[in-house]
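Reading through the structure tokens given below for one structure.
The values are calculated or read from the model by the stated rules, or taken from the named source; none is laboratory data. Predicted model only: the values in this text are computed from it and were never measured. Here the Cβ positions follow ideal geometry from the backbone for every residue, glycine too, while neighbour counts run over all protein chains shown.
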Amino acid sequence: MRIIRYDLNLTQKNVSELSGISEDAIRKIKHGKVTPTQETLELLSVVLKTDLNKLLLNMRVNDLTFN
């Protein structure tokens with residue numbers, strides 16, 4: 001998520017303001033302290049112009065493949 005955000009020249013504060021998700025929640029997602037809800041993923045996907053559901057699925061499949 002951070003790389004996508006950087007590519008779009010967005011700060012966490014920008015993402016928070018555009019998505020309506022608190023900076024604290026975004027920070028917790030970034031650090032893996034919480035799992036985002038479907039609604040949160042959809043809001044972030046719009047702001048980050050990326051299907052985060054697909055991205056997470058690919059990451060999980062890759063984790064299973066390499067473990």
Look at Leu41 and say whether it is at pLDDT 90 or above and either in contact with a Leu (Cβ under 8 Å, 6 or more places away or on another chain) or of a type outside the set (Ser, Thr, Tyr) (or both). yes
Within the stretch 1-48, the residues that are free of Cβ contacts under 8 Å to residues at least 24 places away in the same chain, part of a helix (DSSP H, G or I) and surrounded by fewer than 13 Cβ atoms within 10 Å (Cβ to Cβ) are Ile3, Tyr6, Asp7, Lys13, Asp24, Gln38, Glu39
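Residues are listed down the side, and each one gets a yes or a no for (1) under 13 Å from the mean Cα position of the chain (by Cα); (2) not hydroxyl-bearing (Ser, Thr, Tyr):
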{"site": "Ile4", "(1), (2)": "yes, yes"}
{"site": "Thr35", "(1), (2)": "yes, no"}
{"site": "Val47", "(1), (2)": "yes, yes"}
{"site": "Lys54", "(1), (2)": "yes, yes"}
{"site": "Leu64", "(1), (2)": "no, yes"}
Note on the stretch 26-39: residues more than 19 Å from Ile3 (Cβ to Cβ) and not basic (Lys, Arg) are Val34, Thr35, Thr37, Gln38, Glu39
